[in-house]
């Protein structure tokens with residue numbers, strides 16, 4: 001028994017859905033060409049030295065890829081965006097953010113005049129001290 005999507009006329013060779021033509025789109029998935037892999041053929045085994053197992057996405061001693069705050073693509077973390085656009089997750093392993101610092105009077109690091117939240121740590125402005 002065959003599904004309609006398995007018919008040759010439903011194949012889309014060199015599909016733009018597969019990283020601009022790096023695969024054939026059929027039955028809702030990309031069948032990648034050559035050394036390409038990934039959901040949309042976005043990864044090149046030559047470029048990543050065949051790292052397909054997310055090794056490059058683990059912060060030392062962490063058990064979740066990308067600190068649980070991003071997706072591992074081709075051995076590189078892509079950090080998830082936050083609902084609040086002023087809040088960002090950054091870092092090689094998505095280990096940093098600008099929103100988890102101590103709050104003073106409800107404001108991160110006491111407010112913008114006193115300091116900024118950099119990678120989970122308050123960085124005080126000139127004339128201010130603390131953590």
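We did not get these values from a lab; they are worked out from the coordinates using the rules stated. Fair warning: this is a prediction, and the values are worked out from it, not measured in the lab. Quick reminder, even Gly has a Cβ in these numbers, built from the backbone with ideal geometry, and neighbours come from all protein chains shown.
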Problem set entry | Sequence of 116, 15 once ranked by neighbouring C-beta atoms within 10 Å, starting from the fewest | 116, 15
For this session: Would you mind telling me which residue in 75, 91, 106 has the biggest mean-square fluctuation in a Gaussian network model of the chain, where springs connect alpha carbons within a distance under 10 angstrom?
Result: 106
